[in-house]
1. Answer yes or no: is there a residue in the stretch 3-20 that is crowded, with 17+ Cβ neighbours inside 10 Å and under 19 Å from T126 (Cβ atoms).
2. Can you say whether N87 is under 30 Å from D67 (Cβ atoms), surrounded by fewer than 19 Cβ atoms within 10 Å (Cβ to Cβ) and not aliphatic (A, V, I, L, M), as far as the supplied structure shows?
3. Please enumerate the residues belonging to the stretch 127-161 that are β-branched (V, I, T) and touching a strand residue (DSSP E or B) at 6+ places or on another chain (Cβ under 6 Å).
4. Which pairs turn up if I take residues in the stretch 148-167 that are open to solvent by less than 50 Å² (accessible area, probe 1.4 Å) and look for partners that are basic (K, R) with beta carbon separation below 8 Å, at least 6 apart in sequence or on another chain?
5. Only one of (1) of a type in the set (A, V, I, L, M); (2) modelled with pLDDT under 95; (3) over 24 Å from L137 (Cβ atoms) fails for L16. Which number is that?
6. Answer yes or no as to whether L53 is of a type outside the set (D, E, K, R), in contact with a Lys or Arg (Cβ under 6 Å, 6 or more places away or on another chain) and farther than 22 Å from T126 by Cβ.
7. Given the criteria modelled with pLDDT of 95 or more and either among the hydrophobic types (A, V, I, L, M, F, W, C) or out of contact with any strand residue (DSSP E or B) (no Cβ under 6 Å at 6 or more places or on another chain) (or both), does E48 qualify?
8. Among all residue pairs at least 6 apart or on different chains, which show Cβ distances below 8 Å where the first residue, located in the stretch 22-38, is of a type in the set (V, I, T) and the second is exposed (fewer than 12 other Cβ atoms within 10 Å of the Cβ)?
Amino acid sequence: MSADPVILRPVNEADLPLLARFLTDPEATGPFQWLGWSDPERWRREWEVNGLLSDEGGRLMVVTGTDRLGFVSWRRAVTSRSSYYWNIGAQLLPESRGRGIGTQAQRLLVRYLFAHTPVVRIEADTETENIAEQRALEKSGFSREGVLRSTVFRDGRWRDAVRYSVLREDVPTGLPDGGAA
């Protein structure tokens, strides 16, 4: 892995095979994200339409120098006719996990979304057993809100999740140095 800072950037065509791994390779996704086989061309089709960036959500690559480490994503969660917030996630390749990269990437994504959209709330959910992601979210500035019972069906049973959130007022304004997205 490069000693360069973690940055977020738009997905380019050369990234699509790496993204397809997260849809077809249980080892790449890790134990908490493998939900079964999925269409490996799904993201390519969306990328051809909008580059994986839309008003409803998107994906950005997590990189250091020329090393592609994974991606972050967000999706719009509508709460009323005139209100919404973002729900975010991160997925890193196995060799990139456990090094604080997910924490940095989520922190960058939060600042990016607050800088470029009018939302005041960003949420993230993870399974109750995914302690590493809970720590990463807390280090990224998220606050634990509670447990959502039986929200994810994975590996033959329903799993509980923990919901976290961060509000605009919790985050300093502007993008951090090196955090271009």
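1. No - not one qualifying residue is present in the stretch 3-20.
2. On the way: under 30 Å from D67 (Cβ atoms): yes; surrounded by fewer than 19 Cβ atoms within 10 Å (Cβ to Cβ): yes; not aliphatic (A, V, I, L, M): yes.
For N87, the condition - under 30 Å from D67 (Cβ atoms), surrounded by fewer than 19 Cβ atoms within 10 Å (Cβ to Cβ) and not aliphatic (A, V, I, L, M) - is met.
3. Residues of the stretch 127-161 that are β-branched (V, I, T), as a first pass: 128, 131, 147, 151-152.
Selection gives T128, V147, T151, V152.
4. Between residues of the stretch 148-167 that are open to solvent by less than 50 Å² (accessible area, probe 1.4 Å) and residues that are basic (K, R), the close pairs are V152/R159; V162/R144; Y164/R144; S165/R121; V166/R121.
5. Tallying (1) of a type in the set (A, V, I, L, M); (2) modelled with pLDDT under 95; (3) over 24 Å from L137 (Cβ atoms), L16 fails exactly one: (2).
6. On the way: of a type outside the set (D, E, K, R): yes; in contact with a Lys or Arg (Cβ under 6 Å, 6 or more places away or on another chain): no; farther than 22 Å from T126 by Cβ: yes.
Spelling it out, it is not the case that L53 is of a type outside the set (D, E, K, R), in contact with a Lys or Arg (Cβ under 6 Å, 6 or more places away or on another chain) and farther than 22 Å from T126 by Cβ.
7. Values: modelled with pLDDT of 95 or more: yes; either among the hydrophobic types (A, V, I, L, M, F, W, C) or out of contact with any strand residue (DSSP E or B) (no Cβ under 6 Å at 6 or more places or on another chain) (or both): yes.
Considered against the rule, which asks whether it is modelled with pLDDT of 95 or more and either among the hydrophobic types (A, V, I, L, M, F, W, C) or out of contact with any strand residue (DSSP E or B) (no Cβ under 6 Å at 6 or more places or on another chain) (or both), E48 comes out as yes.
8. Short answer, once both residue conditions are applied: T24/W37.
The values are calculated or read from the model by the stated rules, or taken from the named source; none is laboratory data. Just so we're clear, the structure is a prediction, and the values are computed from it rather than from any experiment. Note that each Cβ is placed from the backbone with ideal geometry, even for glycine, and that neighbours are counted across all protein chains shown. Surface accessibility is based on the protein's heavy atoms, side chains included, excluding ligands, DNA and RNA. Shrake-Rupley method; radii C 1.70, N 1.55, O 1.52, S 1.80 Å.
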